[in-house]
Amino acid sequence: MEENKVTYESVDQYIAAFAPEVQEILQTLRKVIREAAPEAEEKISYQMPTLFLHKNLVHFAAFKNHIGFYPAPRGIEAFKEELAQYKGAKGSVQFPINEPLPYELITRIVKFRVEENQQQAAVKKKK
């Protein structure tokens, strides 16, 4: 069964695997994240688009009924009141695919994670 599993080599390849309307959402989300974290590198991690800055910054993915956004547990905790209306877990949130994504909130979460990753990298460098 494992031979049927799709392995994505790039974010572009991942996005291209979806229907045009989902591709549009993913491309907009990608652009919003990139603008909030211009120094971050794109890669595929856990078979999802990932932005990397010293370490994983955020992941995102498309599912049948939602867009998954994964800013790590601290990214969820810091914005828990604003994210309360969405389904989620310790390190993830589900944005309904048939509703507009909260791009301004996503921007603030990504910027929070950039700051956090940069601070952790600076502390690690001092050691």
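The values are calculated or read from the model by the stated rules, or taken from the named source; none is laboratory data. Keep in mind the model is a prediction, meaning the values are calculated, not measured. Virtual Cβ from ideal backbone geometry, glycine too; neighbours counted across all protein chains shown.
Some observations on this one:
- PHE52 passes every criterion in (1) part of a strand (DSSP E or B); (2) in contact (Cβ under 8 Å) with a residue 24 or more places away in the chain; (3) closer than 30 Å to LYS124 by Cα apart from (2).
- Members of region 55-73 that are more than 11 Å from VAL110 (Cα to Cα) and either free of Cβ contacts under 8 Å to residues at least 40 places away in the same chain or surrounded by 14 or more Cβ atoms within 10 Å (Cβ to Cβ) (or both): ASN56, PHE60, ALA61, ALA62, PHE63, LYS64, ASN65, HIS66, ILE67, GLY68, PRO73
- For region 29-46, filtering for residues that are part of a loop (DSSP other than H, G, I, E, B) and modelled with pLDDT of 95 or more leaves 4.
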